[in-house]
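Okay, structure first, notes after.
Any read-out appearing in this document is the output of simple, stated calculations on the displayed coordinates, not a laboratory observation. These figures come from a predicted structure and were not determined experimentally. We place every Cβ from the backbone using ideal geometry, glycine too, and count neighbours over all the protein chains shown.
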Amino acid sequence: LTAAALFAIGALGAPAAIAACDDGEIVIKFSHVTNADRHPKGLAASLLAERVNTEMNGKACMEVFPNSTLYNDDKVLEALLNGDVQLAAPSLSKFEKFTKKFRLFDLPFMFEDIKAVNRFQQSEDGQKLKASMRRKGLLGLAFWHNGMKQMSASKPLLLPTDAAGLKFRVQQSDVLVAQMEAIGGNPQKMAFSEVYGALQQGVVDGQENTWSNIWGQKFFEVQDGITETNHGIIDYLVVTSTDWWDGLDADVRDQLATIMAEVTEARNSQSYEVNQAAKKSIVENGGVVRQLSPEQRAAWVAAMKPVWAKFEGDVGADLIAAAQSANA
Ligand code: LMR
């Protein structure tokens, strides 16, 4: 294989699926920020591209740009609206400029696990959220799962008071800012691609993320340890531009929608396992994972849950109740 061919199959860790697009094919650029392998989103994006490039050959071709190689999540929604990319899958925390309803997903301890998130998303209320930004030019095609968030820092975190005075990186989300303030931390919004360096250099002391992101970005190398808090979620909306989507021929759009639905089902059912494997790799590679006693966990709930009241007006009490009813 030539170097170019190795790149194309992702063997060199470069963009996973730079398919050579033929003349006349609709080019679908998919930009995201995580690693391509051993990551729920990376694997789903790769499978999507593989299927589009095989089954829609001659009609469409997909190129995936992982690892913030094209855009970070703070820029990609603008790029979608400008037609510079056609697909993205930012976490639900990154839609603040477009909708306040998604704040629901950032409220700490809202969902017991990803199965509950899935149940809520499949409900009528959840499905409605996919199209809620249509007027602003964005259309959600599918929810993709990552997993539950854990807390890490430059010192052991067993009680929320351990976080007092620490600087925490958060995604672009006012809910997450409020959550970190509720435990006495100093939150700082920052792009995903900058977190490792910021932790390493002490620009921030800690962060929250899923096992697959902590593994994929190697955050555990530059943290004292990770506390298994499962206090929130990272989940994604695969999003496109309404104009672009509406402009596709119906047969192309239908085929793409079918492939999307099948890939979503196949990969979402594996997201838990992918995260558990990442957790195992973290431990095997010297990362420290700490468990909470039921009393310690209760203290995190008590400290963080008051944040809900602040955002109830944005989200709506009805939607919060609907999400709660999805917990088993
Ligand atoms: C983050 O910024 O921490 C995550 O949203 C990254 C991702 O896409 O999982």
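Charges were assigned to the Cβ only: +1 to each Lys and Arg, -1 to each Asp and Glu. The resulting dipole of the range 68-164 about its Cα centre is roughly 320 debye.
Computed over every Cα-Cα pair of the chain and binned at 10 Å starting from 0, the pair-distance distribution P(r) comes out as 6, 26, 35, 23, 8, 1, 0 percent. For residue 199, the shell of other residues with beta-carbons less than 11 Å away shows a net charge of -1, using +1 for Lys and Arg and -1 for Asp and Glu. Cα gyration tensor of the range 265-317, axes a ≥ b ≥ c as square roots of the eigenvalues: rounded (a/c below 1.5), prolate (a/b > b/c) or oblate? It comes out oblate by the Cα gyration axes.
In percent, rounded to a whole number, the relative contact order of the range 161-297 is 25, using alpha-carbon pairs under 8 Å and six or more apart.
Toward the positive end of the charge dipole of the chain, with +1 on the Cβ of Lys and Arg and -1 on the Cβ of Asp and Glu, the farthest Cα among 54, 76, 263 is that of 76. The fewest-to-most ranking of 208, 25 by surrounding Cβ atoms within 10 Å reads 25, 208. Note that the range 225-231 has calculated 3J(HN,Hα) couplings of x, 10, 9, 7, 9, 6, 8 Hz, one per residue in order, obtained from phi through the Karplus relation 6.51 cos²θ - 1.76 cosθ + 1.60 (θ = phi - 60°); glycine and proline are x. For the range 144-158, 3J(HN,Hα) computed residue by residue from phi via the Karplus equation (6.51, -1.76, 1.60; θ = phi - 60°) reads 10, 8, 10, x, 7, 8, 10, 9, 10, 7, 7, 8, x, 10, 10 Hz, glycine and proline entered as x.
If the only charges are +1 at each Lys and Arg Cβ and -1 at each Asp and Glu Cβ, what is the size of the charge dipole of the range 253-297 around the Cα centre, to the nearest 20 debye? Each step should come with its number before you reach the end.
Details: 6 positive and 6 negative charges, 47 e Å.
The dipole of the range 253-297 has a size of about 220 debye.
For the range 55-98, what is the per residue volume of the convex hull drawn over the alpha-carbon atoms, in cubic angstrom? Provide the component values of the computation, followed by the final result.
Values: hull volume 4.4 nm³, N = 44.
That works out to 100 Å³ per residue.
Amide H contacts under 5 Å for residue 226: 288, 289, 290, restricted to partners 5 or more places along the chain or on a different chain, H placed in the peptide plane at 1.01 Å from N. Its Cα centre serving as origin, the range 105-244 has a Cβ charge dipole (Lys and Arg +1, Asp and Glu -1) of approximately 440 debye. Its relative contact order, with pairs defined as Cα atoms under 8 Å and 6+ residues apart, puts the range 41-91 at 26 percent.
In sequence order, the range 79-89 has phi-based couplings of 4, 4, 5, 7, x, 7, 9, 10, 9, 8, 9 Hz under the Karplus curve 6.51 cos²θ - 1.76 cosθ + 1.60, θ = phi - 60°, and Gly or Pro positions carry x.
Relative contact order of the chain: what whole-number percent is it, with Cα pairs under 8 angstrom and at least 6 residues apart? Don't skip to the answer; put the middle values down first.
Values: 639 pairs, mean separation 77.5, N = 328.
Relative contact order of the chain: 24 percent.
Can you check how the C-alpha radius of gyration of the range 18-100 compares to 2.2 N^0.38 Å, as a plain ratio? Walk me through the numbers on the way to the answer.
Details: Rg = 13.1 Å, N = 83, 2.2 N^0.38 = 11.8 Å.
Rg over 2.2 N^0.38 Å, computed on Cα atoms: 1.11.
Cα centroid separation, the range 75-114 to the range 136-150: 6 Å. In the range 188-328, the C-alpha radius of gyration followed by the widest Cα-Cα span (Dmax) gives 19.3, 57 angstrom.
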